[in-house]
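A short reminder: the numbers here are calculations on the coordinates, not readings from a lab. All of these numbers come straight from a predicted model, not from anything done at the bench. Virtual Cβ from ideal backbone geometry, glycine too; neighbours counted across all protein chains shown.
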Amino acid sequence: MSSGDHAAREYLLGFADDELCVGQNHSWWIAVGPFLEEDLAFSSIAQDELGHARMLYEFIDPEKSVDEIAYWRDQRGYRSAHIAELRCHQWPDALVRHVLYDLAEEVRWHALSGGSWERVAAIATRAIAEERFHLQHSLSLSERLLATAEGRKRLIPSFQRLAPMGQELFRANVDELRLVDSGLLSSSLTDQKNSWIKKVETLLETFNCEINWEEFQDAPGREGIRSSDFESLHAEMVEVLNLDPNAQW
């Protein structure tokens, strides 16, 4: 990307960092999920999310290695939303973040696939094909659990706490109109966020779960301010690389 594409670069970097963080967080559940099927599902989804991050990083800066972009930046160089960085080591939080994030991805990838940037649209089209299965998994499991009293008791508090945070996924540290005017996005971030909120509310209305969308106001992740969970997440990301930084893995 050229230096004149600053707004697009910032937006795509934030998206790629979201994918990287969620993919890494999903991978934590391998072998510790509540049952084997979820170990396998989260493992597969994690690989897909990391693959999507890789495609975006390669587009953003083809002159650098993906590892350099993904792992060796200063923490203030990351643009991930805080909801993507959360460790979510309690199963209800992990599942709810999975639902919220994949509902958001459905909106975000379609906005890129409908844009006029052919290479980005091609990346988005490929991601959409994989995300369809992610969303099917998250919705089918969450809806089955929410249909039970015990499931509602465990999941609804997580939805009420995490859903307002998810609005940061539709924030960029640039003028969003430039992203539409440049042809990168086919719909504004505001329109995307409203579409996502409607999807979340449609999912939850049957289960008497109301979300206070005004509860989360501060959204500094796109500005380079990391959440309290990021340090441990990043340490986990680079743990193997740090064994021998010069090794060819």
Scanning the stretch 52-68 residue by residue, the ones that are part of a helix (DSSP H, G or I) and in contact (Cβ under 8 Å) with a residue 60 or more places away in the chain total 5
| In this structure, is residue 197 free of Cβ contacts under 8 Å to residues at least 40 places away in the same chain, over 29 Å from residue 118 (Cβ atoms), surrounded by 17 or more Cβ atoms within 10 Å (Cβ to Cβ) and not hydroxyl-bearing (Ser, Thr, Tyr)? | yes
Log entry, pairs with first residue in the stretch 7-31 being over 18 Å from residue 231 (Cβ atoms), second being surrounded by fewer than 21 Cβ atoms within 10 Å (Cβ to Cβ) and of a type in the set (Lys, Arg), beta carbons closer than 7 Å, six or more apart or on different chains, reads 7/178
Practice task
Using the structure shown, decide if residue 37 is loosely packed, with under 14 Cβ neighbours inside 10 Å and either touching a residue at least 24 places away in the same chain (Cβ under 8 Å) or assigned to a helix (DSSP H, G or I) (or both).
Solution key: yes
Among helices (runs of 4 or more DSSP H) entirely inside the stretch 171-249, those with 2 or more residues being in contact with a Leu (Cβ under 8 Å, 6 or more places away or on another chain) are 176-181, 189-205
Within the stretch 69-114, residues closer than 17 Å to residue 219 by Cα and assigned to a loop (DSSP other than H, G, I, E, B) come out as 78, 79, 80, 81, 86
